[in-house]
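Asks: Submitted below is the structure of interest, expressed as structure tokens.
The values are calculated or read from the model by the stated rules, or taken from the named source; none is laboratory data. Fair warning: this is a prediction, and the values are worked out from it, not measured in the lab. Glycine also receives a Cβ, built like all others from the backbone with ideal geometry; neighbour counts cover every protein chain displayed. Accessible surface areas use protein heavy atoms only, side chains included; no ligands, DNA or RNA. Shrake-Rupley method; radii C 1.70, N 1.55, O 1.52, S 1.80 Å.
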Amino acid sequence: MNTFTKMCGILCLSLWSPLVFAQVDNTSNLGFEKGNFDGWTLSYGNVRLVNNKIEYQNTQNGTTQNRHLIVSKAQGNDPKINIEAIPMVGKEGNYALRIGKTQNGNTWERASTTFKVTANHSLFQYHFAVLLQEDDGTRHTKPQKPGFSLKITDLAGTQITCGDFDVQLEGNLLSGFKAQGDIEFRNWTTGAIDLRQHVGKTLKVEVTAHGCTGQGHFGYAYFDAELLKSEITQASVCPDINGNMTFLAPLGFEKYQWSNGSIGRALTAKPVLGEPFKVTITPFSSLDAACNFSLFYNVPFKTASQSLQATICDGESFKIADEAYKTTGSYTKIISRGGICDSTVNLQLLVNQVPKFNSVVNKCEGESVSIRDTVITTSGNYRIRFKRAGLCDSVVNADINFEKLEIKATDNQAITIGDPIELKGETVAGTEGNTKWLSESSELCNACHEIRLEPIKDQNFYYETVSQSGLCKRTDTTAIKVVPCTVHFPDSFSPNSDPLNATFFGFGSKCIAKVLNFSIFDRWGEQIFLTENIPVSDEKYGWDGRKNGQDLPPGIYTYLAKAQLLDGSIEQFEGTVNLFR
């Protein structure tokens, strides 16, 4: 018996029986897709260990206690396993056989049927999921443990070459199996047996599940099968645009070796018309190279025809190969794929018109234009497409112009109360229309650029310009700070050969009538300079850093001045000055 490497269960496809079966072809219900056991023979009994080998005893025909059960997709997943889902039915069908007891051991269950091998039904493909309960490692030897098997024979009971598959628990986790508690399981797996050497014959398949030879450990499986053709198939009629085509060997074998060195069930290559492809296939559980077999495939020339109806929107295109179609009409495109295939595509194309809207928008620079979710801030021509569910997009063509207008007013100023100031405004960029100056409460002048004012308090003035088109209006602000009437004295001077900053004197506002007296004192408080009734802001009347014609040393000196304002009031100013040499 060929053994799948270190598997802990027995899966047998068997055409063995002590009786000769009638030649019944049960091809149509190999996978139980009728939802019943039509064409299948069921049996069960007890399992014993005899001479260190499994022996099936007490054979009974039929079934009992749901030990053979048809299950459907609607029944969901196996209830014992929760670390992953094991569907009761594989993806290949709507029904499957559950065979074996789901509690305790000491029994075997078998299902068998016959089928006819034909040229188009020469590949026996089977699908199974198996659950086997392991003992604690001390109670059973390997032959005593649960298992599952599948075997194919002829009607005389002779097993065909490479016609079996089995797994048997052996104390270590089997390759391809997982464990949950004391249950070792394998989720749905596909296997296959090549039967081309038996075309024209009727064969028997036998599926057996058994628990341990004692009483405590179960073994059961889900199973279905089908007959296919042993052949290499094309995944598509024609190569792709790069000239590649994918070829598929039959599913359900352990290894695939292609003639170009590639491995795996699928081969992607650039075919040449008439050039053969070969794949050598190794079945599961095969320890004998004699079980390997090869399939050959010559790529034929094929033609394919396809009719398409398509609806697009104006501005879109429908592409077939390297051709793009944009207008309503009937088209025929012949596509040649590397001499392997000619594909004819008949296209009926309808192009729906797209609603279009034209708009011209003028705005002032700095503003924005919103069209649905699109916000526009720069001038230009815009084409904006709007999605409409089930309809062609609508399109807005917008010519958007942002008018530029920049102005400039006099910078902020500080003046002494009573002093006049002239404010000026100008247009830096753009075409101006009307201009005006405004205070915080009134319009000061209209259609003007300049204005002369004598503010008596801190105040803002506004230069406003409207563009010639009337779209833009800009305002610039000039802040005027009005300071009290004063005389300003510098904090240092340097009377030397350099005439710059050689005299210390006061700078007075226009509101100052005259300086009544101006005195300088040294650090001991001695008066060293005095002048009276002098004009303000005239350096001829300032101190030159001398006393009695002699230069005084550098240092800090104190000044005191009294000034008379135009309104007759008197203000006193005092401070220090640093004399440098």
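Asks: How large is the accessible surface per residue of the chain, computed with a 1.4 Å probe and reported in Å² as a whole number?
Replies: With all protein chains present, the chain gives 51 Å² per residue.
Asks: Which shape class applies to segment 419-464: rounded if a/c is under 1.5, otherwise prolate when a/b exceeds b/c and oblate if not, where a ≥ b ≥ c are the square roots of the Cα gyration tensor eigenvalues?
Replies: Because a/c hits 1.5 or more and a/b exceeds b/c, segment 419-464 counts as prolate.
Asks: Tell me, in nm to one decimal, what length is gained between ASN397 and HIS488 on full extension, where the rule is 0.36 nm per residue of separation less the Cα-Cα distance?
Replies: Roughly 26.1 nm would be gained on extension.
Asks: I would also like to ask the following. Set the Förster radius R0 to 25 Å, insert the Cβ-Cβ distance between VAL466 and ILE415 as r into 1/(1 + (r/R0)^6), and round the FRET efficiency to 0.05.
Replies: Here the calculated transfer efficiency is 0.30.
Asks: Suppose the chain between ASP544 and SER28 were pulled fully straight at 0.36 nm per residue; how much longer would it get relative to their current alpha carbon spacing?
Replies: Gain on extension, ASP544 to SER28, equals 172.8 nm.
Asks: Would you mind listing how long segment 152-242 runs along its three principal axes, going by Cα atoms, in whole Å with the largest first?
Replies: Result, largest extent first: 58, 44, 19 Å.
Asks: Which translational diffusion coefficient, to the nearest whole µm²/s, is obtained for segment 231-289 from the Stokes-Einstein equation, given a Kirkwood hydrodynamic radius over C-alpha pairs, 25 °C and 0.890 mPa s?
Replies: 199
Asks: Further question on the same structure: Between their Cα atoms, which of LYS80/LYS101; LYS356/LYS387; LYS151/LYS278 are more than 19 Å away from each other?
Replies: LYS151/LYS278
Asks: With contacts defined as alpha carbon pairs under 8 Å and 6 or more residues apart, what's the relative contact order of segment 54-193 in percent?
Replies: Relative contact order for segment 54-193 comes out at 23 percent.
Asks: Which ³J(HN,Hα) values, rounded to whole Hz and listed in residue order, are derived for segment 50-61 from phi using the Karplus coefficients 6.51, -1.76 and 1.60 in 6.51 cos²θ - 1.76 cosθ + 1.60 with θ = phi - 60°, glycine and proline given as x?
Replies: 10, 6, 6, 9, 5, 10, 8, 10, 6, 4, 10, 7
Asks: Turning to a different aspect of this structure: Based on alpha-carbon atoms only, what is the radius of gyration of segment 190-318 relative to the globular estimate 2.2 N^0.38 Å?
Replies: Scaled against compact globular proteins, the figure is 1.55.
Asks: Roughly speaking, what is the stretch gain from GLN65 to ILE83, that is 0.36 nm per residue apart minus the C-alpha to C-alpha distance, in nm to one decimal?
Replies: Contour length minus Cα-Cα distance gives 3.7 nm.
Asks: How would you rank 166-176, 329-339, 62-72, 535-545, highest first, on the average number of other Cβ atoms within 10 Å across their residues?
Replies: Packing proxy ranking, top to bottom: 166-176, 535-545, 62-72, 329-339.
Asks: Towards the positive end of the charge dipole of the chain, with charges on Cβ (+1 Lys, Arg; -1 Asp, Glu), say which of SER442, LEU347, ASN77 has the farthest Cα.
Replies: After comparing all options, I get ASN77.
Asks: Would you work out the charge dipole size for the chain about its Cα centre, treating the Cβ of every Lys and Arg as +1 and the Cβ of every Asp and Glu as -1, and quote it to the nearest 20 debye?
Replies: Result for the chain is approximately 3220 debye, rounded to the nearest 20.
Asks: Oh, and also: Relative contact order for the chain: what is it in percent, counting Cα pairs under 8 Å that are at least 6 residues apart?
Replies: The value is 10 percent.
Asks: Quickly work out the ASN52-to-ARG383 label distance, labels modelled 7 Å from Cα along the C-beta direction, and quote it in nm with one decimal.
Replies: 8.6
Asks: Can you give me the pair-distance distribution of segment 391-531, C-alpha pairs, 10 Å bins, whole percents?
Replies: 10, 25, 19, 16, 14, 9, 4, 2, 1, 1, 0
Asks: Sorting check: for 483-494, 244-255, 122-133, which peptide has the highest mean count of neighbouring beta carbons within 10 Å, and how do the rest follow?
Replies: 122-133, 244-255, 483-494
Asks: Also: With the cut-off at 1.5 for a/c, could you classify segment 451-519 from its C-alpha gyration tensor as rounded, prolate or oblate?
Replies: prolate
Asks: Here's a follow-up. With an 8 Å Cα cut-off and a minimum separation of 6 or more residues, compute the relative contact order for segment 148-258 in percent.
Replies: 26
Asks: Would you calculate the convex hull of the Cα atoms in segment 331-377 and tell me its volume per residue in Å³?
Replies: 172
Asks: Follow-up. For VAL361, what residues show an amide H to amide H distance below 5 Å, using hydrogens built from the backbone and excluding near sequence neighbours?
Replies: ASP399, ILE400, ASN401
Asks: If amide hydrogens are placed 1.01 Å from N in the peptide plane, which non-local residues have theirs closer than 5 Å to the one on LEU174?
Replies: It is CYS8, by chain and number.
Asks: Based on the alpha carbon coordinates of the chain, what radius of gyration and maximum Cα-Cα distance (Dmax) apply, in Å?
Replies: 53.1, 154
Asks: If you don't mind, there's one more thing I want to ask. Hey, how many Å between the Cα centroid of segment 129-180 and the Cα centroid of segment 410-466?
Replies: Computed from Cα coordinates, the inter-centre distance equals 103 Å.
Asks: Please report the carbon-and-sulfur percent of the accessible area for the chain; probe 1.4 Å, protein heavy atoms only, DNA, RNA and ligands left out.
Replies: Heavy-atom surface of the chain belonging to carbon and sulfur, 1.4 Å probe: 47 percent.
Asks: Given CYS162, TYR220, VAL199, which one lies farthest toward the positive end of the charge dipole of segment 99-232, if we put +1 on the Cβ of every Lys and Arg and -1 on the Cβ of every Asp and Glu?
Replies: Farthest along the dipole direction, towards plus: VAL199.
Asks: With a 1.4 Å probe and every protein chain left in place, tell me how much accessible area LYS142 has, in Å² to the nearest 10.
Replies: Rounded to the nearest 10, that gives 90 Å².
Asks: Arranged from highest to lowest average of other beta-carbon atoms within 10 Å per residue, in what order do the peptides 226-235, 187-196, 525-534 appear?
Replies: The packing order, highest mean first, is 187-196, 226-235, 525-534.
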